[in-house]
Amino acid sequence: MIFRRPIQHCRECGAAVAYRLPDDGDTRERAICTVCGTIHYENPLMVVGTVPVLGERVLLCKRNIEPRWGKWTLPAGFMELDETTAQGAARETDEEAGAQIELGPLFSLLNVPQVGQVHIFYLATLQSDRFAPGHETIEARLFTEDEIPWDEIAFRTVKKTLEQYFADRRAGHFGMHSFDIV
């Protein structure tokens, strides 16, 4: 069961909507305006971020917002309109950690259907060990694999990405990984 707030009013005319199958052959119920007939599609949100690395250490941010206040995460957040996934990942890294990076290749894609999200992480090389966390971050800090507070990681997508990062590093090569978080 997906968590979502159902659409109640048409974005075009403001009238009430009803959830039903459209008359166009679609196989999913959609929010359809009861007055103008506009079909409203609901799509997953994109979360974009980075795995910022400096030598043997990975940058994590301690969350200053809910959900999961006070837990550690990779710098990431919702993608904005008019930006690519790479631009969003770099922006989020700057906003959350104040970290300057050189963006690397796409590393992980995680489907989280229960909450209607897709999480994407890029590898990134930190240009400095100086950070200026934004208001959403209590602290930004570098960790070796052994130092990571694994029981204090905010999200399963972040934990899975970190575990895969360190497995790839031990193997001596980095791939692109896709996971379903169910």
Rounded tilt (10° steps) of 85-97 against the dominant C-alpha axis of the chain: 60 degrees
Percent carbon-and-sulfur accessible area, the chain, ignoring ligands, DNA and RNA, probe 1.4 Å: 51 percent
All-pairs alpha carbon distance profile, the stretch 80-182, 5 Å steps from 0, percent: 2, 11, 19, 23, 26, 14, 4, 1
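In square nanometres, what is one fourth of the surface area of the convex hull spanned by the alpha carbons of the chain?
Numbers: hull surface 49.4 nm².
Convex hull of Cα atoms, orientation-averaged projection: 12.4 nm².
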Under-5 Å amide H pairs with Glu139, H placed in peptide plane, nonlocal only: Lys62
Centroid-to-centroid separation of the stretch 47-110 and the stretch 129-182 [C-alpha atoms, Å]: 10 Å
Overall form of the stretch 131-182 per C-alpha gyration tensor (a/c, 1.5; a/b vs b/c): prolate
Largest-first principal axis extents of the Cα set of the stretch 52-92 (Å): 30, 30, 9
DSSP-defined beta bridges in the chain - what % are antiparallel, rounded to 5: 65 percent
Sequence of Glu12, Glu92 from largest to smallest accessible area, 1.4 Å probe: Glu12, Glu92
Accessible-area ranking of Ser128, Ser108, Ser178, largest first, probe 1.4 Å: Ser178, Ser128, Ser108
With all protein chains modelled, accessible area of His135 [1.4 Å, Å²]: 150 Å²
1.4 Å probe accessible area per residue over the chain, in Å²: 57 Å²
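Between Rg and the Kirkwood Rh of the stretch 1-93, both from Cα atoms, what is the Rg to Rh ratio?
Values: Rg = 19.2 Å, Rh = 16.5 Å.
Radius of gyration relative to Kirkwood radius: 1.16.
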In Å², nearest 10: area of Ile32 left accessible to a 1.4 Å probe: 10 Å²
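The values are calculated or read from the model by the stated rules, or taken from the named source; none is laboratory data. Nothing here was measured: the structure is a model prediction, and the numbers come from that model. The protein model used for the area step is the full one, side chains on, heavy atoms only, and it has no ligands, DNA or RNA in it. Shrake-Rupley method; radii C 1.70, N 1.55, O 1.52, S 1.80 Å.
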